[in-house]
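Trainee: Sharing a structure with you now.
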């Protein structure tokens, strides 16, 4: 059974981000409040344009910035989908933002 959650995605952009999106370090982030599976969330992200994917959080600073943005966007606190990045390819993921 796949879990349904909201999604957060990232677009690399040198131009200004669309209205309501978070811009940080050349990336644009959007929180989409629509319940869907991870696979559907990734497809939905890609529908926003070339190079748009679920957000992959690559460091603690990015994690903190995106987490604050998500909390500010949410009407009720729920889990969200993000992309996964595993540089060692060990398939073990743990996200802890402070």
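Derivation of every value follows stated rules applied to the coordinates shown; laboratory data play no part. Please read all numbers here as calculations on a predicted model, not as lab measurements. Neighbour counts are summed over all protein chains in view; Cβ atoms, including those assigned to glycine, are modelled from backbone coordinates with ideal geometry.
Trainee: For region 61-80, give me the residue count where each residue is closer than 17 Å to residue 28 by Cβ and touching a helix residue (DSSP H, G or I) at 6+ places or on another chain (Cβ under 9 Å).
Mentor: Total satisfying the criteria: 1.
Trainee: Now, a different point. Give me a count of the residues in region 35-60 that are closer than 24 Å to residue 76 by Cα and touching a helix residue (DSSP H, G or I) at 6+ places or on another chain (Cβ under 7 Å).
Mentor: Of the residues in that region, 5 qualify.
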